Amino acid sequence: MHLLPFHRRPLAISCFLGLLFGASFAQAATPQRHAFLAGQHAKNGIACAECHGKTRPVKVDDSEDGVNLSCVRCHGTLKEVGAKAQGHVNPHVSHLGDIHCTACHSGHQGSRVYCANCHGFELKIPFPSTSLATAQAAPKPPRPEALRQRERADVVVIGSGAAGMVAALTAHDAGAKVVVLEKQPITGGNSMLAAGGMNAAATRFQAKKGIQDSVELMVKDTLTGGKNLNEPALVKILAEQSAASVDYLTELGADLSDVGRMGGASVDRTHRPQGGKAVGAHIVDVLRANAAKRKLDVRVNSRAVRLLENRQGRITGVLVQGRHRGFYRIDAKAVVLAAGGFSANPDRVAHYQPAFRGMTSSNQPGATGDGLDLGATAGGVLKDMEQIQIHPSIAAGSRILITEAVRGNGAILVNRDGKRFVNEITTRDAASKATLAQPGQSAFMVFDEGVRQSLKQIDGYFHLELVKEGATPEALAAAIQVPPQALKDTIERYNQAVAAKADAEFKRPDLPRALATPKFYAIEVKPGVHYTMGGLKISPRTEVMAKDGQPIPGFFAAGEVTGGVHGANRLGGNSISETITFGRIAGAEAAAAARASAKP
Ligand code: MEZ
């Protein structure tokens, strides 16, 4: 049976379907229903069943997989749509990878371009949302005991960034039935935005390039960078397991063969794809493909509302709110929390660091810290919460991170007087502090064609029109309005330091290349909130620790939601490394805990 298109369907039927679809669909029963995409489809004679299928009552799964299959059937895959689309900035060609059409396009309410959460450029979308708010007021969750919708799993993973996905894959490969919950409409978390690379010591890729590194040196650099506030046992694991984590990702299909330098590192140990492409989008693509290959149960638009526990304090599952399904519970033998930090929550950032109020952030919109609340409510101890990292180079007036790898590959920082003011590859706290002390509290990251050619991801900054250029240092100076002679002198002095292999002025330890190949480029950068080092206290086995110093049974955590690995300041490249290593441990431990609890 074909349903009548919307405009020919009696209001009662619309209302009935509205009820089935919840609040968002109910809006379709208002007089403005033709304002939305579903109404337009109806006007074009496309029946509801063509998108939603013929089964009644109509059900939309929380991930909206079924509806998206319909979008793809008619319009083509994202890649195909991207290939057809015109325009300089094409949202269908995005570093967010192969995401659902419904991440941006809504059938029954206003649509919003997901990219607009971070980017400021004007992007048109049919039937745009007039409000910026995507979240609706959360209904009060029911008592879990009262819920009729109940599922079972061995392991539930909360969060689908690299830590969550790796934990899920590991637990699955150890034989566990796993469900991954992601509150955002797309998977990938902040890992999707990771740029510079993944730190690892004594890897096969370093060996190929003749780079001498060791676990001990990575431990030393990480502790020094973290001002020794780090948990030494966790740092040891990070460094010891790092090469194995590179191998693990390589086995899954990732390319981490390019090796560069990040701030605070004594040697080149930051691994990324050949040519210097951004690491995060690549790794997330690989993890998504592996999840799909294993038919892993990954649910987007699915918020973990509360952790369930029994009388003995063991974590026994999760109360979930699905976008369409509403509240339900998953009883589980173990839960892995990998829900990230809170850099995208300005109020929470300002609560712990009032001086950072009003700063931009490089983070995805879901990084609000609700995972920390889940863990703390379940009895987990929070540590180092006031340790918040600002990254020195966010493109001025935006949320776009200009990767530290640009400096690592040779860029310098100059102020409005056209002068250098800091060792560009010092730790982030030091570089940010120095930048904030400059006139205008910003700096210009200056580089040449040689640096540009060394790092593929720089092309993206051109694409986003963040780069000013000039055929000579003086021409560049004119473009960024700094004194031409001063910039020319600064570049010359820097090139002399490169030739002498010694930077007498700022003691920059690594001088990879002279800035001598035209054109010359600059991006204005400002510090912005990038990473929250604090979080749930964990054991070396990723067990979440309670106030009494004991692990909470059945509860594990990995990634930015935890505290202790990075101390007072994280080194660039250590985050992806942490997510993979501790994600692997959490997945294995959770699967083992599930097995153990199944034994009579
Ligand atoms: O680890 C990071 O945060 C990182 C490498 C960021 C960057 O500048 O690319």
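If I take R0 = 45 Å and measure r between the Cβ atoms of ARG311 and ALA49 in this structure, what FRET efficiency does the formula 1/(1 + (r/R0)^6) give, to the nearest 0.05?
0.40
Within the chain, what percent of beta bridges assigned by DSSP are antiparallel, to the nearest 5?
Percentage antiparallel, nearest 5: 65.
Going 7 Å from the Cα of LEU147 along its beta-carbon direction, which residues of the stretch 307-347 have the amide nitrogen within less than 12 Å of the resulting point?
Taking a point 7 Å out along Cα→Cβ of LEU147, the residues of the stretch 307-347 whose backbone N falls under 12 Å are 307-309, 316-323, 325-332.
Collect residues whose amide H, placed 1.01 Å from N in the peptide plane, falls under 5 Å from the amide H of SER361; neighbours closer than 5 in sequence don't count.
Excluding prolines and chain starts, which carry no amide H, the hits are VAL529.
For a test of the definition: using alpha carbon positions, the gyration tensor, and the 1.5 limit on a/c, classify the chain as rounded, prolate or oblate.
Verdict is oblate for the chain.
What percent does the relative contact order of the chain come to when contacts are Cα pairs within less than 8 Å and at least six residues apart? List each step's numbers first, then the result.
On the way: 1350 pairs, mean separation 106.8, N = 600.
Relative contact order for the chain comes out at 18 percent.
Could you do me a favour and compute the accessible area per residue for the stretch 389-529, 1.4 Å probe, result in Å²?
38
Using a 10 Å cut-off on Cβ atoms, rank the peptides 67-80, 240-253 from the highest mean neighbour count down.
The packing order, highest mean first, is 240-253, 67-80.
Multiply the residue separation of ASP548 and ALA516 by 0.36 nm, subtract the distance between their alpha-carbon atoms, and state the gained length in nm to one decimal.
Gain on extension, ASP548 to ALA516, equals 5.5 nm.
Measure off 7 Å from each Cα along the Cα-to-Cβ vector at ALA289 and LEU382, then give the distance between these two points in nanometres to one decimal.
3.9
Under a 5 Å amide H to amide H cut-off, with H placed in plane at 1.01 Å, what residues pair with GLN389 once short-range neighbours are removed?
HIS530, TYR531, THR532, MET533
In terms of Cα to Cα distance under 15 Å, which aspartates and glutamates are near enough to LYS59, apart from those fewer than 8 places away along the same chain?
GLU50
Sorted by packing (mean other beta-carbon atoms within 10 Å per residue), highest first, where do 414-420, 148-154, 197-203, 398-404 land?
197-203, 398-404, 414-420, 148-154
From the phi angles alone, apply the Karplus equation (6.51, -1.76, 1.60; θ = phi - 60°) to the stretch 423-430 and give each ³J(HN,Hα) in whole Hz, x where the residue is Gly or Pro.
Per residue, the Karplus-derived 3J(HN,Hα) values read 5, 5, 10, 6, 5, 5, 4, 5 Hz.
So how much slack lies between ALA502 and GLU474, counting 0.36 nm per residue of separation and subtracting their Cα-Cα distance, in nm?
Going from the current span to full extension adds 7.6 nm.
Can you give the direction-averaged projected area of the convex hull of the alpha-carbon atoms in the stretch 392-461, in nm²?
4.5
Counting each DSSP H run of 4 or more residues in the chain as -39500 (n - 2.57), what helix-only mean residue ellipticity at 222 nm follows after dividing by all residues, to the nearest 500 deg cm²/dmol?
-10000 deg cm²/dmol
Can you figure out the FRET efficiency of SER597 with HIS351, using R₀ = 22 Å and their beta-carbon distance, to the nearest 0.05?
So, using R0 = 22 Å, E works out to roughly 0.05.
Express in nm, to one decimal, how much length is gained between ARG56 and GLN453 on full extension, taking 0.36 nm for each residue of separation and deducting their alpha carbon distance.
Taking 0.36 nm per residue and subtracting the Cα distance, the gain is 137.3 nm.
Give me the net charge for the shell around GLU578: Cβ to Cβ below 10 angstrom, other residues only, Lys and Arg +1, Asp and Glu -1.
Net charge around GLU578: 0.
Taking the Cα atoms of the stretch 167-256, report the difference between the largest and smallest coordinate on each principal axis, in whole Å and largest first.
Here the Cα extents, ordered largest to smallest, are 39, 33, 28 Å.
What is the set of long-range amide H partners of PHE327 at a cut-off below 5 Å, with H atoms built 1.01 Å from backbone N?
GLY322
Find out how many positive minus negative residues lie around HIS566, taking Lys and Arg as positive, Asp and Glu as negative, among other residues whose Cβ is under 13 Å from that of HIS566.
On the way: positive: LYS227, LYS383, ARG428, ARG570; negative: ASP221, GLU231, ASP384, ASP429, GLU560, GLU578.
Value of the local net charge: -2.
Under 23 Å from the Cα of LYS526, which lysines turn up, not counting those fewer than eight places away in the same chain?
LYS277, LYS419, LYS433, LYS456, LYS468, LYS488, LYS507
Could you tell me what percent of the accessible area of the chain is made up of carbon and sulfur, with a 1.4 Å probe and every protein chain present?
Answer for the chain is 55 percent, counting heavy atoms of protein chains only.
In whole Hz and in residue order, list the ³J(HN,Hα) couplings for the stretch 48-59 that follow from phi through the Karplus curve 6.51 cos²θ - 1.76 cosθ + 1.60, θ = phi - 60°; x for Gly and Pro.
3, 4, 5, 9, 9, x, 9, 5, 10, x, 5, 10
The values are calculated or read from the model by the stated rules, or taken from the named source; none is laboratory data. Just so it is clear, the model here is predicted, and its values are computed rather than measured. Every residue, glycine as well, gets a Cβ built from its backbone with ideal geometry; the counts of neighbours run over all protein chains shown. What goes into the accessible areas is simple: the full protein's heavy atoms, side chains included, and nothing from ligands, DNA or RNA. Shrake-Rupley method; radii C 1.70, N 1.55, O 1.52, S 1.80 Å.
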